[in-house]
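The values are calculated or read from the model by the stated rules, or taken from the named source; none is laboratory data. Small disclaimer: the values here were computed from a predicted structure and weren't measured. Quick note on the areas: whole protein, heavy atoms, side chains included, nothing else; ligands and nucleic acids left out. Shrake-Rupley method; radii C 1.70, N 1.55, O 1.52, S 1.80 Å.
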Amino acid sequence: MLGGLWGIISTIIVGLILGVLGRLFAPGDQKIPIWLTIVVGIVAAFIGNWLAGVFGVRHTSGIDWIRHIFQVVAAVVGVIAASAIYAKIKGGSRTTA
C-alpha cells in the first residue's frame with residue numbers, strides 16, 4: 001500500500017515541478033489554477049518520456065538531461081495550450097508579453 005501511495009505522491013510532485021517550469025518558461029501570464037498546472041506537468045512527464053524513447057535517449061548513463069529537456073518543453077507547450085483553453089472556457093483572455 002505504501003508503494004502505491006508513494007507513486008501517487010511522487011507523480012504529483014514531478015507534475016508540480018514540471019508544471020511550474022512550464023509556467024516559468026512560457027511567455028505571458030498564465031491564468032490557470034494549480035491543479036491544472038500539476039495535470040499539465042504530469043502529462044508532460046509522460047510525453048517527454050515517450051519522446052525520449054522515440055529518439056533513443058530515454059536511458060543514458062548518468063542524468064537523463066535530454067529526457068528532462070523533452071519533459072520541460074512538453075510542459076511549456078502544455079501550459080500555453082491549457083492557458084488558452086482555460087481562458088476560453090472561463091470567458092477570460094490570455095495575455096502575452
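The C-alpha radius of gyration of the chain, expressed as a fraction of 2.2 N^0.38 Å, stands at 1.16. Counting only protein heavy atoms and a 1.4 Å probe, the chain has 65 square angstrom of accessible area per residue. For the chain, the relative contact order comes to 36 percent (Cα pairs under 8 Å, sequence separation of at least 6). In angstrom, the C-alpha Rg and Dmax of the range 36-85 are 11.4, 39. Got a number for carbon plus sulfur as a percent of the chain's accessible area, 1.4 Å probe? The value for the chain is 75 percent carbon and sulfur by accessible area.
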